[in-house]
1. Counting only heavy atoms of protein chains, what accessible area per residue, in Å², does segment 222-343 have with a probe of 1.4 Å?
2. Note down the magnitude of the dipole of the chain about its Cα centre, charges +1 on Lys and Arg C-beta and -1 on Asp and Glu C-beta and zero elsewhere, to the nearest 20 debye.
3. Pull out the extension gain between Ser346 and Arg317, defined as 0.36 nm times the separation in residues minus the alpha carbon to alpha carbon distance; nm, one decimal.
4. Can you tell me the accessible area per residue over segment 21-62, all protein chains present, probe 1.4 angstrom, in square angstrom?
5. Kirkwood Rh over alpha-carbon pairs of segment 134-276, then Stokes-Einstein at 10 °C and 1.306 mPa s: what D in µm² s⁻¹, rounded to an integer?
6. Using +1 at the C-beta of Lys and Arg and -1 at the C-beta of Asp and Glu, which of Pro127, Phe149, Leu90 has the Cα lying farthest in the positive direction of the dipole of segment 85-169?
7. Which FRET efficiency value, to the nearest 0.05, do you get for Glu326 and Leu20 by plugging their Cβ-Cβ distance into 1/(1 + (r/R0)^6) with R0 = 56 Å?
8. Find the relative contact order for the chain and round it to a whole percent, using C-alpha pairs within less than 8 Å whose residues are 6+ positions apart.
Amino acid sequence: MAMKKKPVTGMKDVLPEEMLLRDYLIAAIKDTYRGFGFTPMETPCVEHIENLTSKQGGDNEKLIFKILKRGEKLRITEAESEEDLTDSGLRYDLTLPLTRYYANNSAVLPQPFKALQVGSVWRADRPQKGRYRQFTQCDIDVLGDASNFCEIELILATTTALKRICPDQAFTVRVNDRRILRALVSWAGFPEEAADSVLITLDKMDKIAEEGVRAELIANGYAGESADRYLTLLRELGTDGAAVRALGETLGDFLEEGAAEGLAEIMESVAEVSGGGFGLQFDPTLVRGMGYYTGTIFEVSMEGFGGSVAGGGRYDRMVGKFTGTETPACGFSIGFERIITILMDSGFRIPDQRRKKAFLYEKNLSAARVTALLKEAAAEREAGSDVLVVRMAKNKKFQKEQLSAQGYTDFSEFYAEK
């Protein structure tokens, strides 16, 4: 069978130019998050299949790369279903593994635990620009703190990181609360058990617009009066903290006490501390598809790029799935691959790079000349430069052009003794 040189569909080879950018961005993101007191940690890329299919990951559970059982555990002839053949899978996000990690290690972790995790995740999704089947997520989470301070700090930390890595890109943080979403459904007259179905349709607002949402709700068997009441209220809402408080008054007993006030306080605190360095608005159509969210949710949209570049929210019931005791938790994730796409397309240059020097040497150098070359290169590295020692090509001009494109600005040439 012939070998294939192209990567598997949905995966990609990372060329040196992009790899340099990826390393720079990850370092900048980690450095920013450590400045907010988040602690680096790591989980395995493989998770138990029972955890991955626990009905908390929304549509992502349909996209799991499952791993066959091994050895004696794998008896294909006796298998009656897919579950008989698999016992693990590749993680589809970093949140579910984090909650297992916390449940397993909470006795030795600081409380509350402020986690920083950067790693690859896998989804058997349809590939498109900026979306691959293997991609990197950059997550920060706070576990063990139920206060609004978590949301405020998560938003401030993430926006600080985004401003650092995307200094020329304007962005907006959109916020909502799953409790408000469910209260809206009940207030409009939809059956309580229909909440998930209604919200799935609402989540399509940016794709099919208000008319499409109304048509789909009616096609799904819901009353036109409920759809109209629902959409009319959404249309009339403002986008600031005052609008959230007003909505809380409208929803009355349908909404959990304190939910609207809490979201308004989060928005106002973030706006006050950030000084208006980015957009911040209440978006009553923001749903987020993950089934584990229980309260505040947020997304970041960036100018000139469709879809969100970061998102997260509160998920107070996930740890309890492992321990039987509910533990407050909230997190924010940067869509790293989308940021890479934005910056690569805009010709972004890594700022404040160290000096990069290349030594080009002629073939057949004597041992003495090799020693002199390596000593000079070592001295340059000691002085703080990145140094490449490489054999001189026949087309020296083209070689230097290629190295210049990689950021090398200084060149020295070593020739054999005459």
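1. Using a 1.4 Å probe on heavy atoms only, each residue of segment 222-343 averages 40 Å².
2. Using only the charged Cβ atoms, the result is roughly 2800 debye.
3. 6.4 nm
4. Numbers: 2150 Å² over 42 residues.
Here the residues of segment 21-62 average 51 Å² of exposed surface.
5. Answer from the Stokes-Einstein relation: 93 µm²/s.
6. Of the listed residues, the answer is Pro127.
7. My answer for the efficiency is 0.80.
8. Values: 641 pairs, mean separation 70.8, N = 418.
Answer for the chain is 17 percent.
The values are calculated or read from the model by the stated rules, or taken from the named source; none is laboratory data. Being a predicted model, the structure only gives us computed values, none of them experimental. Heads up, the Cβs are rebuilt from the backbone with ideal geometry, glycines too, and the neighbour counts pull from every protein chain shown. Note: areas computed on protein heavy atoms with side chains; ligands, DNA, RNA excluded. Shrake-Rupley method; radii C 1.70, N 1.55, O 1.52, S 1.80 Å.
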